[in-house]
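Visitor: Sharing a structure here in structure tokens format.
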Amino acid sequence: MSWKVGRNDPCPCGSGKKYKKCCGLLGDIRNASLDPFARYNELLTEIKFKLDRYFAGTIKRVRRENLQYFLHYTVNRSLPPEHESLYSDWLWFDRPLPDRPSYAELYLQENAEFMEVPLRECLQALVDSSLSIYHVMEAQDMILKVCDLFTGEEREVLLKEPWQGSLDRPVLILGRLVKIDQGQLFSGMVLLSEDPDGQKAEFLRAHYDYCQQLGLYPAGLPAEVNYGLFDHAHKKKLFSLRDMRSAAVNADTAQNLHRQLAELEQFTLAHCTEQVAWFMPCREHYGYVRVAVGPDFVAAAADVIDDVIYLQQQLTALFPHLKMDLVHSSLRRSHPPADKASIWLTIMKDQHTEIWLDTPHEELEGQTPRQLLDDIEGRKRLLDMLREFSASVQSEDQLEFINFMKARVEGSGKP
């Protein structure tokens, strides 16, 4: 049974206003005298106001609980006040969890039949939108031509006023494009970053390709990933992927790989601990970079994209048929697969040990453990310190890390 809302009835959208003073005003918006940008910007503003009112009872709690999820990939894990609208759009129109609808989708499910067509179509366009990164191609009057940095798709965007930027200086835009009859327009604020030498675009494309090759986000990067990567690119900060990969091998293959890595000028043996040989590249690298060869596995770990690519190229050249499976990546927010957990733990133990070795300690008069490794008495002092520390630890996981550190110190004195 269908029914029609009366002009003086409460608006079904939940705003608390009469229908004639709320959604009823939007019925003839397509014939309004406003220019296209103003008309649709008014619709976007009205939709966000309605969402805020409709979910008023939970939105404060939701904003607080989801903030760190949104900021997970940013440099400082903090939200500048001027970025609040970006976060709000993410809350309304994106899905932090793939199996749950967004708040805008929930609103549509419960109110679509009561909404005027222009408002409903605009809300659907927002639900279908996504945050992405674009580079500016050209501008003419109130139209800006942009190209999606990742897909290469060109878009024409309606502007409120003519583009003021110089087309001679490449600019990247982070924004949410909403499709309308006349083309596209950005929902809310956008972030701009000049890219005169193209390095920021190269950095962003490399991380997009990384995700595509691993099949992490086949439908496109989530908004929080785009926001975080753009933040790193704008601030010229390296992004820590914490990439770990491994492959099971037989003993002969492990020995062969060990021998070849030892003979290569590109790698040097860092140490052998607990039946695992750890190699590091001789070239300049950033953060933790290792190839590990164990009795029945080979693993590679690197923090930044250039080192990840380099390790994969080197291993592919050595063993073209060796298939390395992903163990962990910071861009895949999940625990390592159960069958890869031991590999993950092995790499984590070595990584934390390297950090410990390079950290000054008061017990060592401000020296780092690595400074004492080459001296017999120094190693004895480190082992005494670790034994004393292990006596106060009750966690089995912590003890496993400490035992690895002991083995690392003991092994450093062997030829």
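The values are calculated or read from the model by the stated rules, or taken from the named source; none is laboratory data. All figures in this text were calculated on a predicted structure; none of them were measured in a lab. Cβ: placed from backbone, ideal geometry, glycine included. Neighbour counts: every protein chain shown. Accessible surface areas use protein heavy atoms only, side chains included; no ligands, DNA or RNA. Shrake-Rupley method; radii C 1.70, N 1.55, O 1.52, S 1.80 Å.
Visitor: At a probe radius of 1.4 Å, what is the per-residue accessible area of residue 138, in Å² to the nearest 10?
Guide: Counting only protein heavy atoms, residue 138 exposes about 90 Å² to solvent.
Visitor: Evaluated at 4 °C with a viscosity of 1.567 mPa s, what Stokes-Einstein diffusion coefficient in µm²/s does the range 43-179 have when Rh comes from the Kirkwood expression over alpha-carbon pairs?
Guide: Working: Rh = 16.8 Å.
Result for D is 77 µm²/s.
Visitor: Here's another thing I want to ask about it. Using the Cα centre of the range 223-352 as origin and beta-carbon charges of +1 (Lys, Arg) and -1 (Asp, Glu), tell me which of 308, 268, 320 is placed farthest towards the positive end of the dipole.
Guide: Value: 308.
Visitor: Taking amide hydrogens as modeled 1.01 Å from N in the peptide plane, which residues meet the under 5 Å criterion relative to residue 171, leaving out close sequence neighbours?
Guide: Counting only residues 5 or more places away or on other chains, the set is 136, 195.
Visitor: Rounded to the nearest percent, how much of the accessible area of the range 273-415 (1.4 Å probe, protein heavy atoms only) is carbon and sulfur?
Guide: Details: 3980 of 7610 Å².
Percent of accessible area from carbon and sulfur atoms in the range 273-415: 52.
Visitor: Which far-off residues, 5 or more places away or on another chain, put their amide H under 5 Å from the one on residue 267, with H placed in the peptide plane?
Guide: Hits under the 5 Å cutoff: 282.
Visitor: Which angle from 0 to 90°, rounded to the nearest 10, does the C-alpha axis of helix 341-357 make with the longest principal axis of the chain?
Guide: So the helix axis and the longest Cα principal axis differ by about 70 degrees.
Visitor: Largest first, how would 356, 163, 90 line up by accessible area (1.4 Å probe)?
Guide: Values: 356 30, 163 60, 90 5 Å².
Sorted by accessible area, descending: 163, 356, 90.
Visitor: How big, on average over all directions, is the shadow cast by the Cα convex hull of the range 188-345, in nm²?
Guide: Details: hull surface 43.3 nm².
So the mean shadow area of the Cα hull is 10.8 nm².
Visitor: Work out, step by step, the length gained on full extension between residue 84 and residue 113: first 0.36 nm times the residue separation, then minus their alpha carbon distance; give nm to one decimal. Numbers along the way, then the final one.
Guide: Numbers: separation 29, 0.36 × 29 = 10.44 nm, distance 3.05 nm.
Roughly 7.4 nm would be gained on extension.
Visitor: Turning to a different aspect of this structure: If you average 1/r across every pair of different Cα atoms in the range 311-415 and take the reciprocal, what Kirkwood value do you get, in Å?
Guide: So the Kirkwood estimate lands at 16.1 Å.
Visitor: Starting from 0.36 nm per residue, how many nanometres of slack lie between residue 270 and residue 121 once their C-alpha separation is accounted for?
Guide: Details: separation 149, 0.36 × 149 = 53.64 nm, distance 6.06 nm.
Gain in length upon complete extension: 47.6 nm.
Visitor: If you take the Cα atoms of the range 308-369, find Rg, then find the Kirkwood Rh from the mean of 1/r over all pairs, what is Rg/Rh? Walk me through the intermediate numbers first.
Guide: On the way: Rg = 16.5 Å, Rh = 14.4 Å.
Radius of gyration relative to Kirkwood radius: 1.14.
Visitor: What value does the range 179-256 have for Rg/Rh, both radii from Cα atoms and Rh as Kirkwood defines it? Intermediate values should be presented prior to the final figure.
Guide: Numbers: Rg = 18.4 Å, Rh = 15.8 Å.
My calculation puts Rg/Rh at 1.17.
Visitor: Now a separate question. Accessible surface of residue 147 in the full protein assembly, 1.4 angstrom probe, to the nearest 10 Å²?
Guide: Counting only protein heavy atoms, residue 147 exposes about 20 Å² to solvent.
Visitor: So for the chain, taking the charge dipole from beta-carbon charges (+1 Lys/Arg, -1 Asp/Glu), which of 334, 223, 102 sits furthest toward the positive end?
Guide: It is 102.
Visitor: For the range 265-325 and the range 329-364, what is the separation of their Cα centres, given in Å?
Guide: Cα centroid to Cα centroid, the span is 15 Å.
Visitor: At what distance in angstrom do the alpha carbon centres of the range 37-67 and the range 156-197 lie from each other?
Guide: Spelled out, the Cα-based centre of one part sits 22 Å from the other.
Visitor: Residues of the range 85-188: accessible area per residue at 1.4 Å, in Å²?
Guide: Numbers: 5020 Å² over 104 residues.
Normalised by residue count, the accessible surface of the range 85-188 is 48 Å².
Visitor: Among 74, 389, 233, whose Cα sits farthest toward the positive end of the charge dipole of the chain (+1 at Cβ of Lys/Arg, -1 at Cβ of Asp/Glu, about the Cα centre)?
Guide: The residue sitting farthest along the positive end of the dipole is 74.
Visitor: Using 7 Å Cα-to-Cβ label points, what is the residue 330/residue 252 separation (nm, one decimal)?
Guide: Once both label points are built, they end up 4.1 nm from each other.
Visitor: Sort the following peptides by mean Cβ neighbour count (other Cβ atoms within 10 Å, averaged over residues), highest first: 263-276, 235-248. All intermediate terms of the calculation are to be shown ahead of the outcome.
Guide: Values: 263-276: 14.3, 235-248: 18.7.
Per-residue mean Cβ counts within 10 Å order the peptides as 235-248, 263-276.
Visitor: Roll a 1.4 angstrom probe over the protein heavy atoms and tell me the percent of accessible area of the range 181-265 that is carbon or sulfur.
Guide: Working: 1950 of 4240 Å².
After summing per-atom areas, the C and S share lands at 46 percent.
Visitor: Output wanted: per-residue J couplings in Hz (rounded whole) for the range 179-196, from phi through Karplus 6.51 cos²θ - 1.76 cosθ + 1.60, θ = phi - 60°, x for Gly and Pro.
Guide: Those phi angles translate into 7, 10, 4, 7, x, 9, 8, 7, 8, x, 7, 10, 10, 10, 8, 5, 9, x Hz.
Visitor: One quarter of the convex hull surface, Cα atoms only: what value does that give for the range 83-135 in nm²?
Guide: On the way: hull surface 18.6 nm².
Seen from a random direction, the Cα hull of the range 83-135 projects 4.7 nm² on average.
Visitor: What is the distance, in nm, between label points placed 7 Å from the Cα along the Cα-to-Cβ direction at residue 380 and at residue 138?
Guide: In this crude spin-label approximation the distance works out to 7.9 nm.
Visitor: Could you go through the range 376-383 in sequence order and give the Karplus-derived ³J(HN,Hα) for each residue, using 6.51 cos²θ - 1.76 cosθ + 1.60 with θ = phi - 60°, rounded to whole Hz, and x for Gly and Pro?
Guide: Using θ = phi - 60°, the values come out as 4, 5, x, 5, 4, 5, 5, 5 Hz.
Visitor: What whole-number value in Å² describes the accessible area per residue of the range 301-415 for a 1.4 Å probe?
Guide: Numbers: 6500 Å² over 115 residues.
That works out to 57 Å² per residue.
Visitor: Over the chain, what lengths in whole Å, largest first, do the semi-axes of the equivalent ellipsoid take, defined as the square roots of 5 times the eigenvalues of the alpha-carbon gyration tensor? Before the final figure, lay out the partial values.
Guide: Working: eigenvalues 578, 119, 75 Å².
Semi-axes (√(5λ), whole Å): 54, 24, 19.
Visitor: So, one more: With a 10 Å radius around each residue's Cβ, average the other Cβ atoms per peptide and rank 79-86, 404-411, highest first.
Guide: Details: 79-86: 13.6, 404-411: 18.9.
Packing order, densest peptide first, comes out as 404-411, 79-86.
Visitor: Quick one: work out Rg over Rh on the C-alpha atoms of the range 138-213, Rh as Kirkwood radius.
Guide: For the range 138-213, the value is 0.97.
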